[in-house]
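Structure record follows, encoded as structure tokens.
Any read-out appearing in this document is the output of simple, stated calculations on the displayed coordinates, not a laboratory observation. This one's a predicted model, so the numbers in the text were calculated from it and none came from an experiment. For neighbour counting, all protein chains shown are included, and Cβ atoms are generated from backbone atoms with ideal geometry for every residue, glycine included.
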Amino acid sequence: MEKTLIVVVGPTGIGKSAISLKLAQYLNTDIISADSRQIYRELSIGTAVPPEKDLNTVTHHFIQTISVNDYYNASMFETDVLKKLEQLFPSKNPVILTGGSMFYVDAVCNGIDDFPTVDQEIRSQLIEEFAQNGLEAIRLQLKQLDPIYYGKVDLKNPKRILHALEICLMTGKPYSSLRSGTLKERPFRIVKIGLNMERENLYKRINERVLQMVAQGLFEEARSVYHLKHLNPLNTVGYKEIFAYFDGTITRDEAIEQIQNNSRKYARKQLTWFRRDPTINWFEPQQYNEIINFLHSSNIL
RNA sequence: GGUGCCAUAGCUCAGUUGGUAGAGCAAUGGACUGAAAAUCCAUGUGUCCUUGGUUCGAUCCCGAGUGGCACCA
């Protein structure tokens with residue numbers, strides 16, 4: 001039978017984990033988490049890592065497997081997941097990939113072009129340069145090294161410019177010449193299930209979930225990683241707001257409110273990304289039976 | 001009961017020396033090829049509390065009403 005990856009996506013707090021768990025049990029398979037923050041072992045409450053009993057019921061991959069001190073990115077995730085699928089498919093089929101990190105999901109489904117891994121030395125040099133000389137300076141540099149990409153990038157977005165420069169400097173070639181713009185073929189079928197619900201209900205769920213996290217000890221968890229707040233993995237909703245509270249810039253209540261706000265914004269951003277993907281089959285979280293029927297009718301089960 | 005202050009966007013408020021208004025937050029849309037829960041871009045919103053008066057014209061000035069807050073009784 002054809003190997004299939006069932007991809008479950010949707011905004012934060014909609015209930016992807018619960019449905020994936022149920023599906024995985026029904027299909028007797030594993031779950032691959034596509035979550036750029038649940039992958040860090042120092043974080044759990046704020047990233048909504050599934051409870052112990054769920055992790056024991058179904059095997060989850062890429063949850064709390066690396067440290068916030070490690071460098072990690074979407075391309076590494078692509079490689080790691082493809083390798084993992086190779087191991088899993090002989091005995092498990094279909095396999096479920098679930099998570100809200102759009103870019104990570106995309107890396108697995110469509111692939112990312114092959115660039116050298118970013119040299120941290122070069123990155124910090126460029127960041128330093130940007131901090132000292134400003135956006136205009138790095139723009140000019142990009143204009144020289146890669147005029148084609150310069151004409152395409154969002155010139156107001158430092159991260160885009162910085163990354164293009166990193167690749168130019170490392171390879172000695174224009175970044176644009178390494179971008180193929182083509183999607184990679186995968187040796188398995190991909191079926192996408194998107195979860196969504198009425199906006200107002202989603203927001204209510206998100207707001208409540210944040211309160212639950214606080215009750216579970218989110219502030220204590222944030223305290224335990226406060227000394228690492230300069231690391232990128234800690235530039236995360238649920239932590240950065242509490243760090244601001246620890247720093248004394250906002251009150252505790254303001255921190256909680258901002259976590260709720262930023263979580264809602266994140267959900268909106270996720271929906272914006274997923275909306276443009278015409279291959280997603282949309283359902284509401286309570287339509288479990290419809291999802292099963294859909295999988296049957298798609299010849300997956 | 002008396003006196004004073006306030007009433008403008010979903011919220012907090014600014015403003016119009018009288019020509020029907022604007023910030024922040026919230027909300028909404030979009031971008032995205034190794035930092036992605038990151039980063040970046042864009043977009044509304046209104047009986048200016050009600051009602052008389054003055055005026056060519058009132059959200060703005062005057063009177064009354066209603067509601068809120070404060071102080072005095």
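With R₀ set to 30 Å, the beta-carbon distance separating A:Ile300 from A:Arg179 gives a calculated FRET efficiency near 0.35. Helical content alone sets the calculated 222 nm signal of chain A at -16000 deg cm²/dmol, taking -39,500 (n - 2.57) per DSSP H segment of four or more residues and averaging over every residue.
Given the convex hull of the Cα atoms of segment A:42-111, what is a quarter of its surface area in nm²?
On the way: hull surface 21.4 nm².
Mean shadow area of the hull around the Cα atoms is 5.3 nm².
Since only A:Ala48, A:Gln132, A:Thr29 are under comparison, the one whose Cα sits farthest along the positive direction of the charge dipole of chain A, derived from C-beta charges on Lys, Arg, Asp and Glu, is A:Thr29. Here's how it looks for A:Lys184: its modeled amide H is under 5 Å from those of A:Gly111, which are all 5 or more places away or on a different chain.
Could you give the length gained by full extension between A:Lys143 and A:Ile127, i.e. 0.36 nm per residue of separation minus their alpha carbon distance, to one decimal place? Mind showing how you got there, number by number?
Numbers: separation 16, 0.36 × 16 = 5.76 nm, distance 1.73 nm.
Contour length minus the Cα-Cα distance gives 4.0 nm.
For A:Lys265, the lysines whose Cα falls under 24 Å of its own Cα, not counting residues fewer than eight places away in the same chain, are A:Lys16, A:Lys156, A:Lys159, A:Lys192, A:Lys204, A:Lys229, A:Lys240. Test of understanding: in a Gaussian network model of chain A with alpha carbons linked when under 10 Å, which of A:Ile206, A:Ile193, A:Ile127 would top the mean-square fluctuation ranking? Between A:Ile206, A:Ile193, A:Ile127, it is A:Ile127 that shows the largest mean-square fluctuation.
The Cβ shell under 12 Å around A:Lys173 holds other residues with a net charge of 0, Lys and Arg each +1, Asp and Glu each -1.
Take peptides A:161-169, A:256-264 and line them up by average Cβ neighbours within 10 Å, highest first, as a rough protection proxy. Could you put the intermediate results ahead of the total?
Details: A:161-169: 21.2, A:256-264: 19.3.
Sorting A:161-169, A:256-264 by mean packing, highest first, produces A:161-169, A:256-264.
3J(HN,Hα) along segment A:58-66, derived from phi through the Karplus expression 6.51 cos²θ - 1.76 cosθ + 1.60 where θ = phi - 60°, amounts to 10, 6, 10, 10, 6, 10, 6, 9, 10 Hz, with x in place of Gly and Pro. Across segment A:109-122, coupling constants 3J(HN,Hα) worked out from phi with the 6.51/-1.76/1.60 Karplus curve, θ = phi - 60°, read 6, 10, x, 10, 4, 7, 10, x, 5, 4, 6, 4, 5, 4 Hz, and Gly and Pro carry x.
What does the charge add up to near A:Leu183, with Lys and Arg as +1, Asp and Glu as -1, over the other residues with Cβ less than 13 Å from its Cβ? Net charge in that neighbourhood comes out at -2.
Can you tell me the order of A:241-250, A:92-101 when each peptide is scored by its average per-residue count of other Cβ atoms within 10 angstrom, highest first? Before the final figure, lay out each step's value.
On the way: A:241-250: 16.5, A:92-101: 23.2.
Those peptides, ordered most packed to least, come out A:92-101, A:241-250.
Backbone geometry of segment A:189-196 corresponds, through the Karplus equation with coefficients 6.51, -1.76 and 1.60 at θ = phi - 60°, to 3J(HN,Hα) couplings of 7, 10, 10, 9, 10, x, 10, 8 Hz, x marking Gly and Pro. In segment A:237-301, the inverse of the mean reciprocal separation of distinct Cα atoms equals 14.8 Å; this is its Kirkwood hydrodynamic radius.
Sort the following peptides by mean Cβ neighbour count (other Cβ atoms within 10 Å, averaged over residues), highest first: A:212-218, A:152-158.
So the peptides A:212-218, A:152-158, ranked by packing, come out A:212-218, A:152-158.
Rounded to the nearest 20 debye, the dipole size of segment A:166-287 about its Cα centre is 680 debye, using +1 on the Cβ of Lys and Arg and -1 on the Cβ of Asp and Glu. The label point for A:Leu135 and the one for A:Lys84, both projected 7 Å from the Cα toward the Cβ, are 3.7 nm apart. Taking the Cα centre of chain A as reference, the dipole from Cβ charges on Lys and Arg (+1) and Asp and Glu (-1) amounts to some 640 debye.
For chain A, the convex hull drawn through the C-alpha positions has a volume of 147 cubic angstrom per residue.
Between segment A:223-242 and segment A:266-281, the C-alpha centres lie 27 angstrom from each other.
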